[in-house]
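> I'd like to ask some things about the structure below.
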Amino acid sequence: MGPQGQIRRSLRQAEFSVDRDGGFVDPDEVKQVRKKEANRPPSRRVVIVATPSAQSLEVAGPVEVFSIVNEKLREAGRELIPGYAVEVVSATEDLTIRSSSGLRMLADRSFRQVDYGIDTLLVAGGTKIWSGAGHEELLQWIRDRSAHARRYGSICTGAFVLAEAGLLKGKRVTTHWYFCQQLQKDYPDVIVDPQPIFIREDSLYTSAGVTTGVDMSVALVEEDCGLDIALRVARALVLFLRRPAGQSQFSAALQFQSTWRVPMRELPVYVLEHLQETLSIEQLAKQVSMSPRNFSRAFKQEFESTPAAFVEQLRAETAKRLVEDSTRGFAEIATECGIGSEDTLARLMSQYFGKTPSQLRKQARIGREP
C-alpha cells in the first residue's frame, strides 16, 4: 500500500474525519448519512429508445423531466420513494442519432447492450418515419421488454415502431397529427386518434409530436410521485402546468394558453410553496391581480372547487405523501403543511383517506418491503 492509501486508511480509522471546509465531522453523522443512502429505494429505470431519425426535443425533453425528479424529491423531503435513472438507447448499433435539425445526439448504448430490467420504455421518433421494418431483432427486443416493463409507449413517430412490433393492435393511440393518416393506412388494425396530445390505454402511452412528449412525461411523474412533484418539475423547466391529455394538437386550441387563465394555473405551485401561510382568498387573488370576488368566481370556473377547499386538498395530499414517503414526525409535517397540530393532521387524514397518519405510514412501509 502506497503513502496515499495509508493516509486514506488512517482517516477511515480515525475517530473524526475532516470535511471539505477543513472542519471536523462526527462519525455518528457520517453513519447516519450512509444509513440513509443505504435505505434509499432503487431508482425506476427509464429507457428512451431513439430511432435513427429521432428529433432532439423528443429525446431531450423527457430526459430532462425524469432526470430532475430526483432533485425535486429531495427538496420535498420525500426520500423514501424511488426517483428515476434515465438512459437513451439507440435503436441500431450506431450510437449517433442524427436529428432532422442536424443536431447530433449520442446514445448511452445500443439496445443490444441493455441487460437490466426496465420500468418505463419509450420509443422516440422524429419528423421522418422509421418503423424498424426489417430490424426484427430490435422489434423482438421491444416486444420482450415491453411485456416485462411496468409501462411502455411512444413519442411522435415512435408509434410506427410499436405498430410494426404488433403492440398497437386494437389500441387507441396517437402520433404527430401530420402522420396520423399514414399510421392508420399502414396499420389498419390500430385505432388512430389525431386529436389528443397523448393517450393512455392500460400500460400503453402514446404522444403526439415534439413537446407533447414532455407533457406525457410530466403526467407519468404525477402518477408515480404525485401532483406536488409534477408541479415542482414543471416550474423548474418553465413548462405549462398540467396541459390536459385530451387537449387538441391543433394550434387553434393551443391559443388557450395565452388567455387570462394561465396565471391562474400557476396557483397550485404558489400554494405548495406557501403551505405554512394562511393562504386567504385575498392573498391568492393578489397573485393573479384580481379582486377577491372576481377571483373566487374565476377560480371555481377553472378548478371546479372553491379556493378554500382546493388549498385544504393540497395540504392533505402533501401531508399524506410526507407521512408515507419521509421519516419526519407528524407534528413537523402538520406545521410544514399549514395544518396546525398533530391532532388536526390526524382528523384531516381520516377525513380524506380514511386512515390515521400511523396507519398510512405503516401501510406504505409494508408496500415498500420486498
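The values are calculated or read from the model by the stated rules, or taken from the named source; none is laboratory data. Here the structure is a predicted model, which is why all the values come from computation and not from measurement. Cβ: placed from backbone, ideal geometry, glycine included. Neighbour counts: every protein chain shown. For the accessible areas, the whole protein counts, side chains as well, though only heavy atoms, and no ligand, DNA or RNA atoms are used. Shrake-Rupley method; radii C 1.70, N 1.55, O 1.52, S 1.80 Å.
> Return the residues of the range 142-178 that are closer than 20 Å to PRO62 by Cβ, out of contact with any Cys (no Cβ under 7 Å at 6 or more places or on another chain) and open to solvent by 20 Å² or more (accessible area, probe 1.4 Å); say none if nothing qualifies.
ARG145, ARG150, TYR152, LEU167, TRP177
> Let me ask another. Return a yes/no flag: does the range 193-206 have any residue that is in a loop (DSSP other than H, G, I, E, B), crowded, with 23+ Cβ neighbours inside 10 Å and either at positive phi or not aliphatic (A, V, I, L, M) (or both). Talk me through it step by step, then tell me what you get.
Step one: of the range 193-206, the residues in a loop (DSSP other than H, G, I, E, B) are 193-195, 197, 202-203.
Next, from what is left, pick out any that are crowded, with 23+ Cβ neighbours inside 10 Å: 197.
Next cut, either at positive phi or not aliphatic (A, V, I, L, M) (or both) only: none.
The answer is no; no qualifying residue exists.
> Only one of (1) over 16 Å from the mean Cα position of the chain (by Cα); (2) crowded, with 16+ Cβ neighbours inside 10 Å is not met by ALA85, so which one is it?
(1)
> Does ILE142 meet the test of being aliphatic (A, V, I, L, M) and in a loop (DSSP other than H, G, I, E, B)? Talk me through it step by step, then tell me what you get.
On the way: aliphatic (A, V, I, L, M): yes; in a loop (DSSP other than H, G, I, E, B): no.
It is false that ILE142 is aliphatic (A, V, I, L, M) and in a loop (DSSP other than H, G, I, E, B).
> Return the residues of the range 335-345 that are open to solvent by 20 Å² or more (accessible area, probe 1.4 Å) and touching a Leu at 6+ places or on another chain (Cβ under 8 Å); say none if nothing qualifies.
Of everything in the range 335-345, those that are open to solvent by 20 Å² or more (accessible area, probe 1.4 Å) and touching a Leu at 6+ places or on another chain (Cβ under 8 Å) turn out to be GLU336, GLY338, ILE339.
> So, one more: Do we have LEU360 as modelled with pLDDT under 90 and under 24 Å from ASN70 (Cα atoms) here? I'd like the intermediate steps shown before the answer.
On the way: modelled with pLDDT under 90: no; under 24 Å from ASN70 (Cα atoms): yes.
In short, no.
> May I pose another question? How many residues are open to solvent by less than 30 Å² (accessible area, probe 1.4 Å) and among the polar types (S, T, N, Q) when one looks only at the range 262-295?
Of the residues in that region, 0 qualify.
> Is it the case that ALA236 is at pLDDT 65 or above and surrounded by fewer than 16 Cβ atoms within 10 Å (Cβ to Cβ)? Don't jump to the end; show me each part of the working.
Values: at pLDDT 65 or above: yes; surrounded by fewer than 16 Cβ atoms within 10 Å (Cβ to Cβ): yes.
In short, yes.
> Scan the range 296-334 for residues that are closer than 20 Å to SER280 by Cβ, open to solvent by 50 Å² or more (accessible area, probe 1.4 Å) and part of a loop (DSSP other than H, G, I, E, B) and jot them down.
The one that is closer than 20 Å to SER280 by Cβ, open to solvent by 50 Å² or more (accessible area, probe 1.4 Å) and part of a loop (DSSP other than H, G, I, E, B): THR306.
> Here's a check for you: in the range 161-186, which residue that is closer than 22 Å to ALA219 by Cα and part of a helix (DSSP H, G or I) is farthest from the chain's Cα centre (by Cα)?
Initially, the range 161-186 is screened for residues closer than 22 Å to ALA219 by Cα, giving 162, 167-168, 171-177.
If we keep only those that are part of a helix (DSSP H, G or I) too, we end up with 162, 177.
Details: LEU162: 22, TRP177: 24 Å.
This residue is TRP177.
> Taking SER289, is it part of a loop (DSSP other than H, G, I, E, B) and free of Cβ contacts under 8 Å to residues at least 60 places away in the same chain?
yes
> Take the residues in the range 88-115 that are among the small types (Gly, Ala, Ser) and open to solvent by less than 40 Å² (accessible area, probe 1.4 Å), then tell me which one is nearest to SER146 (Cα to Cα).
Only one residue tops the list, namely ALA91.
> Give THR212, THR259 a once-over and let me know the one that is touching a His at 6+ places or on another chain (Cβ under 9 Å), β-branched (Val, Ile, Thr) and either within 13 Å of VAL65 (Cβ to Cβ) or at pLDDT below 75 (or both). Write out each step before concluding.
Details: THR259 fails: touching a His at 6+ places or on another chain (Cβ under 9 Å).
Matching residue, one of THR212, THR259: THR212.
> Which of the following residues is out of contact with any Leu (no Cβ under 9 Å at 6 or more places or on another chain) and farther than 16 Å from GLN55 by Cβ: GLY134, GLY166? Talk me through it step by step, then tell me what you get.
Values: GLY166 fails: out of contact with any Leu (no Cβ under 9 Å at 6 or more places or on another chain).
GLY134 is the lone residue from the list that is out of contact with any Leu (no Cβ under 9 Å at 6 or more places or on another chain) and farther than 16 Å from GLN55 by Cβ.
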